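Values in this text are rule-based calculations from the coordinates and carry no lab data. All figures in this text were calculated on a predicted structure; none of them were measured in a lab. Every residue, glycine as well, gets a Cβ built from its backbone with ideal geometry; the counts of neighbours run over all protein chains shown.
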Amino acid sequence: MDARSTVRTVLLRALSVFAVFLFWNGVSGIAAAEDILNPPALCHSTSETVKEPRAVPPRFTCKGDPQGYQYGSLWLRADLRNYRGVDPNDLVLKVHSSRFDRLEVAFTYADGHTTYQHVRSGDFGTHWRTGGQIAFEAPVREAPVRFVTARFDRLASVHLLRMRMLSRGEANLQATALSICVTAALTLLLLGTVYNTSLAVTLRRQFPVWQAGWAGSVLLWGIVWSQLGLLVVPEMAGTFSSQFCTALSCLAVTFASFSAITALDGPELPRPLRWFTLGLAVFISFLGIPLALMRSGAIDAAALALGVAILTLLASVALSLGWAWRRGSIEARTFSGAWSIPILTLGGVEFFDTRTIFWGGGSQLLILLAAAWQTIWLAVAASKTHAYLRIEHDRARQAAAQAHELARRDPLTGLRNRRGFVEAVAPMLELAQSGESPAALLLLDVDMFKRINDTHGHDAGDMVLATIAHRIERWEGPMCKVARLGGEEFALMTGGMTGFALEQFAESVRLGIAACDHSEAIGADTVTVSVGIAEAGPDSHFRELYRLADEALYRAKHLGRNRVMFQQPSHDPRIVDGIQVNTLQ
């Protein structure tokens, strides 16, 4: 199993475990819905920004919505006598961090004693918890807690504020479970980011680049939103993290849309639909910039406009997937499975109250989990696609290699042709030129081959050539390369032999061919060959070597055929007939 198959298997198993984990977390989180402290049930008051700590709150009212708090201080008070299921002797207040300058929480006990705790933007101290929450624990005293008062300075929006009251044991348990859930999602996103980045480098396609950008931006968003980044940069706490998350979330939506559309880019997707989706994605990315910088004013209206734009984008992406699927796009089927959960999640949080799920993680954690699901799904799908591409690439390379080999083979005999022979003997010639190993070229020409064709026909002549080629092929090996150069001419290039050994080898080739049985083609007639030999010298190249061997072959033909002529560049030619070697003057 190769590395990519191993990664694909690991990702598939992680996806299965993650699905079970996701279901279990959702069910467990819904069970904690009764712990939600509903802000409309609180009494509230507003005032100018209070600079001194432990200030006396103004008069509270329990009707209507607070107004004019964005440039001042917002006071919220909960009378614990009105809340069932809340233990006033074991109390933790959890606030889901939003955009504010300072938050002070006061616990007022039945005996009149009040304790204060506070955080400010850029410094949450030890109060921050995983999942974008701030925890305030009421000190244990003999008297129970009667009132919980929270003062927010320059709060961006009360409608984005979420608070819960629960016991210490339950708070610790939920914090641990939420940390595990967030860490698992971030780990999967990290794997998806690294894997998609590697695919982008390997495949050189747009889709994995945008997918890696989507996974990376959601990963960074998750680190900042969950406040795990405060372990490294505690000064990011509060408003800066909230603004940064808003910008990142819009950027992530843009990356996700681009990854889907670029994967579907082709004739199966109409151009107007493609450009509308991509244009809307870019618009959302730019819309996130002013929304991230807003601290007051119509921030709720801006958030609503962003939600409408995201819903429109999701509908456009879903329409693109459906359209491409109908046209038979395999990528559309893959993306439909991957996008189904994020689309349902992003769409659902716009219509349903998700504050009660995942131990207060709410819609942010739900989106984080959906993003992790999508990233792993697409990473597995991309891995399969890459495997298919590798298979096709290997097949193409194999076909190219076969075509390359066929172009260098003689179709009649299967031996190398001249082009293939020249390439095959090049290393042997280099060794001969350097003096490391001798080499020699043997040219063979069938004697009286024209008479064979004229007497028995060209089909018989082809059978004779094939039989000779089959005999010559026996000498093919590391130190001997064979070929049919054309017509009735064959060639052998030998290495490591010279002098008497070379002469004896050439004679064995001549005798071996003369012993071939051609009865099926030409009856009892015998077919012989003439052989010309040329040894390679320090300055020899194939063309020169071929010329010398051809001259020796011509002499063999001239002297009566069925014999071997040996010629060296610096020696007189010699005839080898059987064992006898004759020197020609």
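Legend: ranking of residues 314, 553, 304 from fewest to most surrounding C-beta atoms inside 10 Å; resulting order 304, 314, 553. Listed by chain and number, the lysines placed with their C-alpha closer than 24 angstrom to that of residue 63 are 94; residues fewer than eight positions away on the same chain are left out. Applying the Karplus relation 6.51 cos²θ - 1.76 cosθ + 1.60 with θ = phi - 60° to the range 546-554 yields 3J(HN,Hα) values of 5, 4, 5, 5, 5, 5, 5, 5, 4 Hz, where x marks Gly and Pro. Given +1 at the Cβ of Lys and Arg, -1 at the Cβ of Asp and Glu and no other charges, the dipole of the range 35-166 around its Cα centre is 260 debye to the nearest 20.
Each part gets one Cα centre, and for the range 177-195 versus the range 428-446 those centres are 65 Å apart.
Shown for 330, 310: other C-beta atoms within 10 Å of each C-beta, ranked fewest to most, produce the order 330, 310. Place a label point 7 angstrom from the Cα of residue 111 along the Cα-to-Cβ direction, then list the residues of the range 132-176 whose backbone nitrogen is under 19 Å away. Correct set: 138-148.
Estimated at 0.36 nm per residue, the fully extended path between residue 89 and residue 62 surpasses their Cα-Cα distance by 7.3 nm.
Couplings 3J(HN,Hα) for the range 496-504, derived from phi with the Karplus relation 6.51 cos²θ - 1.76 cosθ + 1.60 (θ = phi - 60°), are x, 10, 7, x, 4, 4, 5, 5, 5 Hz, where x marks Gly and Pro. The range 276-320 and the range 38-98 have Cα centres lying 31 Å from one another. Note on the range 35-166: semi-axes of the ellipsoid equivalent to its C-alpha gyration tensor, largest first and rounded to whole Å, are 21, 17, 15. Coupling constants for the range 228-234 follow from the phi torsions by the Karplus curve (6.51 cos²θ - 1.76 cosθ + 1.60, θ = phi - 60°), and in residue order they are 5, x, 5, 5, 9, 10, x Hz; glycine and proline get x. Partner lysines whose Cα lies under 17 Å from the Cα of residue 450, excluding those fewer than 8 positions away in the same chain, are identified as 557.
The modelled label-to-label distance between residue 393 and residue 558, using points 7 Å beyond Cα along the C-beta direction, is 5.9 nm. Residues 155, 273, ranked from the fewest to the most other C-beta atoms within 10 Å, line up as 273, 155.
For the range 434-514, the Kirkwood hydrodynamic radius from C-alpha pairs, put into Stokes-Einstein at 25 °C and a viscosity of 0.890 mPa s, yields a diffusion coefficient of 179 µm² per second. Near residue 475, once Lys and Arg are set to +1 and Asp and Glu to -1 for all other residues with Cβ below 15 Å from its Cβ, the sum equals +3. Here the translational diffusion coefficient of the range 178-267 follows from Stokes-Einstein with Rh set to the Kirkwood radius across Cα pairs; for 4 °C and 1.567 mPa s it amounts to 93 µm²/s. Between residue 508 and residue 541, the C-beta separation translates, for a Förster distance of 35 Å, into a calculated FRET efficiency of about 0.80. The alpha carbons of the range 418-583 stretch over 48, 33, 22 Å along the principal axes, in descending order.
Amide H to amide H distances under 5 Å link residue 133 with 97, where only residues 5 or more positions off or on other chains count and H is placed in the peptide plane.
Between residue 501 and residue 327, the contour length at 0.36 nm per residue exceeds the Cα-Cα span by 55.5 nm.
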